[in-house]
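The values are calculated or read from the model by the stated rules, or taken from the named source; none is laboratory data. For clarity, every value in this text was computed on a predicted model and none was experimentally measured. Reconstructed Cβ throughout: ideal geometry from the backbone, glycine too, with neighbour counts over all protein chains shown.
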Amino acid sequence: MRATRLVWWLVLVVVGLFYLVPMLSMARFAFQRIPVIKLSLDNVFDRWTVEPLFDTFGDPNFRKAALLSVMLAVATAVATSVLLLPTMVVAHLRSSRARKLIEVSAVLPFVVPAIALVVGFAGAFRNTFPFLIRHPLGLVPLYVITALPFTHRTLENGLAALDLRTLVNASRSLGAGWVRTMVAVIAPNMRASIATASFLAFTVVLGEFTIASLLLKNTLPLYLAYAQGQSPQGAFAVGLVLVVISTVFVALSNRFARTVKT
Amino acid sequence: MSQDIAFRDVCKSFGTTIALSHFAIAVQDGELVTLLGPSGCGKSTALRIAAGFEVADSGDVSIGMSSVIALPPSKRGIGMVFQNYSLFPHLTVRENLEFGMRVRRIARAQRTARVDELLELVRLGGLADRYPHQVSGGQQQRVALARALAVQPRVLLLDEPLSALDATVRVEVRDEIRRIQRESGIATLFVTHDQEEALAISDRICVMRDGRVEQVGTPQAVYRFPSTPFVARFVGKVNDLEVELRSSTTVRLRDHAMEIAIPSTTLSAGEARLLVRPEDVRLVSIREPQALHGVVENLHFGGATTAVDVAVTGTGQVVRVSDVTRAVHAGVGEAVGVILDTERALVTRQ
């Protein structure tokens, strides 16, 4: 028993170090006014500054890219909830075959490379809906697909925890139509799953590089890649902030998930 | 009396399985009719078709004077209580009761008054601000009933609303449902597989088997005068005895010489089965001239009365005698006599 506990702690410490050491190194590189070559244990607490972060924040290109990424993240989260949830509810109620099909489709983004997705997307819509290629919001459908493995699983768990059929039938027998049933009955009971799926979609969008790069959209990850050449410290500082934000989102989603279980 | 809900020749199949076959029944104004039958007999399907959750292959369902077969559930004017707890978990008891009225855009003051009235009706006045998980299963079903009544439906549909409750609460809620149904005077269709529940709560019982109606009648009629062997066996307990049909009015227990008079039957002589209710069998002294002789095999003590199983000598068959108040004197292994009152017995080949 004691040995098991020891192993458990050992694993936790190793995993923790694996995660924290690069973060600390990144933080030192980004926020210490000391040349990289001179960073050592002797000067861990010397010359810390948030100046590189604020310098980057002051860059209009950064603000533009950050705004676009946040907008895309919000749009992706909203589109995921608005499109995916009703589809999954109908599949749960009406067709177990459709449910399985959605389940299989949801993991496809794991195996289909982003470049293949972009080539297919561009080929399909370049002539039919050029708006989707030109406008930055055209990234939203692609991001919804990219985030699907995470968002689908989260919503699926939420639906499985509900007595969906009974709730829907009860609502319908009381005179509610499908839209009211979805908005006033299902969504409130799925709020934890919807929030978690939204957080995950948000995080995926904030970190997505390939699709935006291939479609020439200047999102935050692209800006950071560019800024590394101009102001490496600033880029790493923003990168670190993004990691912190993502970690907070993941922690929040876990907290929501726990709330649902209790 | 007007017909508040009527099924006319309704058929429904799921693949090759026939769920309902030419199903027809009408529930009158203020009446409580129970659909009773074993699992898979089609009773819940009938209710779901009435509610609009299933589409009938053919036939018609009308509520009031008009057909509702083409209407969605939200437009049928029904109130429904489900087998599973169906209260909306994110809403308080009051908000649950208000839900249907909000859908109908009823003014707040009216909603509040109606909710208070309903909470009074189901005797849950103090629980208005609690969430479903903060009230018991029995209370949840009473709230569900009140919620169904809140929209003042033409018809109330109850889909095994007591099956998730434990025995004591079940009887309490059952009596409560009956009281509320009588007070509200609403036509009610109640689905159950529990015959005791059906006998206790119904104005009429519709016994179903394999998607068909076997018998419709008052609980007394269905119990006392079952029209088919299935009804006799399914509703209440019955002694199912192997007999030899000697003539149209007499039988003999298998391997037994004594002839027993039966109501006239059209069956031809030969092997048959005699169905007799336990309360139609009398436990008598072994010296009684018309008695079948036997030995007490088992006693089932039920408080006020006791049921006695008597193994009839030489036949290998056991007859149950119920409601025996003096059975305390007939111990296991004691020789006794039994007399079958066959006036209401059924003779069948199956």
Check: Is region B:123-130 home to any residue that is within 14 Å of another protein chain (Cβ to nearest Cβ), under 26 Å from A:Met190 (Cβ atoms) and of a type in the set (D, E, K, R)?
Finding: no
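Filter region A:160-178 down to the residues that are more than 10 Å from chain B (Cβ to nearest Cβ) and assigned to a helix (DSSP H, G or I) and list them by number. Steps first, answer last, please.
The initial filter retains those residues of region A:160-178 that are more than 10 Å from chain B (Cβ to nearest Cβ), namely A:160-161, A:164.
Residues satisfying the conditions are A:Ala160, A:Leu164.
Conditions tested, residue by residue: (1) in contact with a Ser or Thr (Cβ under 9 Å, 6 or more places away or on another chain); (2) over 27 Å from A:Asp59 (Cα atoms).
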position: A:Val144; (1), (2): yes, yes
position: A:Ile194; (1), (2): yes, yes
position: A:Leu215; (1), (2): no, no
position: A:Pro232; (1), (2): no, no
position: A:Val238; (1), (2): yes, no
position: A:Ser246; (1), (2): yes, no
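Taking the conditions exactly as written (touching a strand residue (DSSP E or B) at 6+ places or on another chain (Cβ under 7 Å) and either in contact (Cβ under 8 Å) with a residue 24 or more places away in the chain or surrounded by 20 or more Cβ atoms within 10 Å (Cβ to Cβ) (or both)), does A:Ser231 satisfy them or not? Talk me through it step by step, then tell me what you get.
On the way: touching a strand residue (DSSP E or B) at 6+ places or on another chain (Cβ under 7 Å): no; either in contact (Cβ under 8 Å) with a residue 24 or more places away in the chain or surrounded by 20 or more Cβ atoms within 10 Å (Cβ to Cβ) (or both): yes.
Against the criterion (touching a strand residue (DSSP E or B) at 6+ places or on another chain (Cβ under 7 Å) and either in contact (Cβ under 8 Å) with a residue 24 or more places away in the chain or surrounded by 20 or more Cβ atoms within 10 Å (Cβ to Cβ) (or both)), A:Ser231 does not qualify.
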Margin query: With the structure loaded, tell me whether A:Ala187 is more than 11 Å from every other protein chain (Cβ to nearest Cβ), out of contact with any Asp or Glu (no Cβ under 6 Å at 6 or more places or on another chain) and hydrophobic (A, V, I, L, M, F, W, C) or whether it fails that test.
Written below: no
Notebook entry, point to check: If you go through region B:45-82 one residue at a time, how many are more than 8 Å from chain A (Cβ to nearest Cβ), of a type in the set (S, T, N, Q) and outside any strand (DSSP E or B)?
Noted result: 1
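Are any of the residues in region A:84-107 within 30 Å of A:Ser231 (Cα to Cα) and not charged (D, E, K, R)? Break it down into steps so the answer makes sense when it comes.
Pass one, region A:84-107, residues within 30 Å of A:Ser231 (Cα to Cα): none.
Scanning region A:84-107, I find no residue that is within 30 Å of A:Ser231 (Cα to Cα) and not charged (D, E, K, R), so the answer is no.
How about region B:302-311: which of its residues are at pLDDT 90 or above and aliphatic (A, V, I, L, M)?
Initially, region B:302-311 is screened for residues at pLDDT 90 or above, giving B:308-311.
Listed by number, the residues that qualify are B:Val308, B:Val310, B:Ala311.
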Item checked: Every pair of residues 6+ apart whose Cβ atoms lie under 9 Å, when the first sits in region B:56-70 and is among the acidic types (Asp, Glu) while the second is part of a loop (DSSP other than H, G, I, E, B) -> B:Asp60/B:Val68; B:Asp60/B:Ile69
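So that you can scan it fast, the table gives a plain yes or no per residue for (1) more than 14 Å from chain B (Cβ to nearest Cβ); (2) within 20 Å of the chain's Cα centre (by Cα):
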{"residue": "A:Arg94", "(1), (2)": "no, no"}
{"residue": "A:Val112", "(1), (2)": "yes, yes"}
{"residue": "A:Arg134", "(1), (2)": "yes, no"}
{"residue": "A:Phe150", "(1), (2)": "yes, yes"}
{"residue": "A:Leu155", "(1), (2)": "yes, yes"}
{"residue": "A:Gly158", "(1), (2)": "no, yes"}
{"residue": "A:Arg180", "(1), (2)": "no, no"}
Checklist line | Test set (1) crowded, with 17+ Cβ neighbours inside 10 Å; (2) farther than 18 Å from A:Thr210 by Cβ; (3) more than 10 Å from chain B (Cβ to nearest Cβ) - A:Pro130 fails condition number | finding: (1)
Next item on the list: Can you tell me which residue within region A:88-125, out of those that are of a type in the set (Val, Ile, Thr), part of a helix (DSSP H, G or I) and out of contact with any helix residue (DSSP H, G or I) (no Cβ under 7 Å at 6 or more places or on another chain), is surrounded by the most Cβ atoms within 10 Å (Cβ to Cβ)?
Entry: A:Val90
Next item on the list: Determine which member of the set B:Thr92, B:Thr34 is surrounded by 21 or more Cβ atoms within 10 Å (Cβ to Cβ) and either closer than 19 Å to B:Val143 by Cα or touching a residue at least 12 places away in the same chain (Cβ under 8 Å) (or both).
Entry: B:Thr34
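Can you go through A:Arg33, A:Arg63 and tell me which one is assigned by TED's automatic domain parsing to the domain that holds A:Thr146 and among the charged types (D, E, K, R)?
Details: A:Arg33 fails: assigned by TED's automatic domain parsing to the domain that holds A:Thr146.
Of the residues listed, the single one that is assigned by TED's automatic domain parsing to the domain that holds A:Thr146 and among the charged types (D, E, K, R) is A:Arg63.
Here's the yes/no breakdown for (1) modelled with pLDDT of 90 or more; (2) assigned by TED's automatic domain parsing to the domain that holds A:Pro109; (3) basic (Lys, Arg); (4) out of contact with any helix residue (DSSP H, G or I) (no Cβ under 7 Å at 6 or more places or on another chain):
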{"residue": "A:Ala160", "(1), (2), (3), (4)": "yes, yes, no, yes"}
{"residue": "A:Val185", "(1), (2), (3), (4)": "yes, yes, no, no"}
{"residue": "A:Leu224", "(1), (2), (3), (4)": "no, yes, no, no"}
{"residue": "A:Ser231", "(1), (2), (3), (4)": "no, yes, no, no"}
Checklist line | Of all residues in region B:109-122 being crowded, with 19+ Cβ neighbours inside 10 Å and away from every other protein chain (no Cβ under 14 Å), the one that is nearest to the chain's Cα centre (by Cα) | finding: B:Val122
Check: Just one of B:Phe99, B:Phe14 is farther than 21 Å from B:Val155 by Cβ, of a type outside the set (Lys, Arg), without any contact (Cβ under 8 Å) to a residue 60 or more places away in the chain and in contact with a helix residue (DSSP H, G or I) (Cβ under 9 Å, 6 or more places away or on another chain); which is it?
Finding: B:Phe14
Next item on the list: Please tell me if B:Leu283 is part of a strand (DSSP E or B), farther than 13 Å from B:Arg344 by Cβ and without any contact (Cβ under 8 Å) to a residue 40 or more places away in the chain.
Entry: no
Item checked: Total residues in region B:109-145, condition closer than 20 Å to A:Ser171 by Cβ and either of a type in the set (Asp, Glu) or in a helix (DSSP H, G or I) (or both) -> 12
Checklist line | Single residue of region B:37-54 satisfying the filter (touching a helix residue (DSSP H, G or I) at 6+ places or on another chain (Cβ under 9 Å) and crowded, with 16+ Cβ neighbours inside 10 Å) that is nearest to B:Gly185 (Cα to Cα) | finding: B:Ala51
Notebook entry, point to check: For region A:204-217, which residues satisfy the criterion of being in contact (Cβ under 8 Å) with a residue 24 or more places away in the chain, part of a helix (DSSP H, G or I) and surrounded by fewer than 22 Cβ atoms within 10 Å (Cβ to Cβ)?
Noted result: A:Leu206, A:Gly207, A:Thr210, A:Ile211, A:Leu214
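Looking at region A:233-262, which of the residues that are within 18 Å of A:Leu200 (Cβ to Cβ) and of a type in the set (S, T, N, Q) is modelled with the highest pLDDT? Write out each step before concluding.
Keep residues of region A:233-262 that are within 18 Å of A:Leu200 (Cβ to Cβ), which gives A:242-261.
This time we only want the ones that are of a type in the set (S, T, N, Q), so: A:246-247, A:253-254, A:259.
Numbers: A:Ser246: 80, A:Thr247: 83, A:Ser253: 70, A:Asn254: 71, A:Thr259: 59.
Checking each candidate, the answer is A:Thr247.
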Next item on the list: Return a yes/no flag: does region B:96-108 have any residue that is buried (at least 20 other Cβ atoms within 10 Å of the Cβ), within 14 Å of chain A (Cβ to nearest Cβ) and in a loop (DSSP other than H, G, I, E, B).
Entry: no
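Please go through region B:22-44 and give me each residue that is farther than 27 Å from B:Leu118 by Cβ and either outside any helix (DSSP H, G or I) or within 13 Å of chain A (Cβ to nearest Cβ) (or both), ordered by number. Spell out how you get there, then give the answer.
First, pick out the residues of region B:22-44 that are farther than 27 Å from B:Leu118 by Cβ: B:22-26, B:36-43.
Once the filter is applied, which keeps residues that are farther than 27 Å from B:Leu118 by Cβ and either outside any helix (DSSP H, G or I) or within 13 Å of chain A (Cβ to nearest Cβ) (or both), region B:22-44 yields B:His22, B:Phe23, B:Ala24, B:Ile25, B:Ala26, B:Leu36, B:Gly37, B:Pro38, B:Ser39, B:Gly40, B:Cys41, B:Gly42.
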